[in-house]
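The values are calculated or read from the model by the stated rules, or taken from the named source; none is laboratory data. On a predicted model such as this, the values are computed, not experimentally measured, just so you know. Reconstructed Cβ throughout: ideal geometry from the backbone, glycine too, with neighbour counts over all protein chains shown. Side chains included, ligands, DNA and RNA excluded: accessible areas come from the protein's heavy atoms. Shrake-Rupley method; radii C 1.70, N 1.55, O 1.52, S 1.80 Å.
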Amino acid sequence: MSDVAAHAEEPEDQTASALRDVRPGSLLVSSVELVEPTFRRTVIYIIEHNDAGSLGVVINRPSETAVHNVLPNWSDLAAKPQALYVGGPVKRDSALCLATVRTGVSIDGVPGLRRVDGRVVMVDLDSDPADIAPLVEGVRIFAGYSGWTFGQLEGELDREDWMVLSALPSDVIGPPRIDLWAHVLRRQPMPLALLASHPIDVDRN
């Protein structure tokens, strides 16, 4: 896929008025009607969106596999819970890494880092973690990714399967033990914020 265009400004948390404008750095937040197990109550960070299609990773599905067991060299940099995350159903046997760069740090010309949007970057896992560590607040490593061919995501948006919102840098390596799906919705303006209280068990009202 082609390189992701860099965005100089850090994205702001936008309101429902931006709900259809997908770009690198967007979040796809599953609608309450999307109950298919793979994507139910998921938050997907979009890494690429172009004429070839779209690619992103689910950022709120930690697995039971520790990073130390798969990529021990990166375990110290992995944000808590230091688990491998399930990025999506495509190529589960491959790993992809995102990181949040420290405020004020420049990554221009740094090997192994490619800007996605604002302070969020992709990390080449063949890099030396010691070279990356001083530049980032933490990394998140994903097994697999979520992908759409040209026009496929637009069809899902037409069905209102997803809400498109702007990400904050902290979303990618956010604190453990929070319901990120509800957290992202709660910071939106009303009435969208009301969806954050939607019960996890869809049979319970």
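The set of residues from the stretch 162-185 being free of Cβ contacts under 8 Å to residues at least 24 places away in the same chain and in contact with a Gly (Cβ under 9 Å, 6 or more places away or on another chain) comprises just one member, His183.
How about the stretch 81-117: which of its residues are open to solvent by less than 60 Å² (accessible area, probe 1.4 Å) and among the hydroxyl-bearing types (Ser, Thr, Tyr)?
Within the stretch 81-117, the subset open to solvent by less than 60 Å² (accessible area, probe 1.4 Å) is 83-88, 90, 94-101, 105, 107, 110, 112-113, 116-117.
Within the stretch 81-117, Tyr85, Ser94, Thr100 qualify.
So, Arg177, is that one basic (Lys, Arg), out of contact with any His (no Cβ under 6 Å at 6 or more places or on another chain), at pLDDT below 95 and not in a strand (DSSP E or B) or not?
Details: basic (Lys, Arg): yes; out of contact with any His (no Cβ under 6 Å at 6 or more places or on another chain): yes; at pLDDT below 95: yes; not in a strand (DSSP E or B): yes.
So Arg177 fits the description; yes.
Listed here are the residues, each with its yes/no results for (1) at pLDDT 95 or above; (2) closer than 22 Å to Pro37 by Cβ; (3) of a type in the set (Ser, Thr, Tyr).
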residue	(1), (2), (3)
Trp74	yes, no, no
Pro81	no, yes, no
Arg92	no, yes, no
Arg102	yes, no, no
Ser106	no, no, yes
Arg115	yes, no, no
Val139	yes, no, no
Gly147	yes, yes, no
Gln152	no, yes, no
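To keep it simple, each residue is scored yes or no on (1) in contact with a helix residue (DSSP H, G or I) (Cβ under 7 Å, 6 or more places away or on another chain); (2) crowded, with 20+ Cβ neighbours inside 10 Å.
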site	(1), (2)
Ile141	yes, yes
Ser146	no, yes
Gln152	no, no
Leu157	no, no
Pro176	no, no
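Of all residues in the stretch 31-69, exactly one satisfies the criterion of being in contact with a strand residue (DSSP E or B) (Cβ under 7 Å, 6 or more places away or on another chain), open to solvent by 30 Å² or more (accessible area, probe 1.4 Å) and within 20 Å of Phe150 (Cβ to Cβ), namely Phe39.
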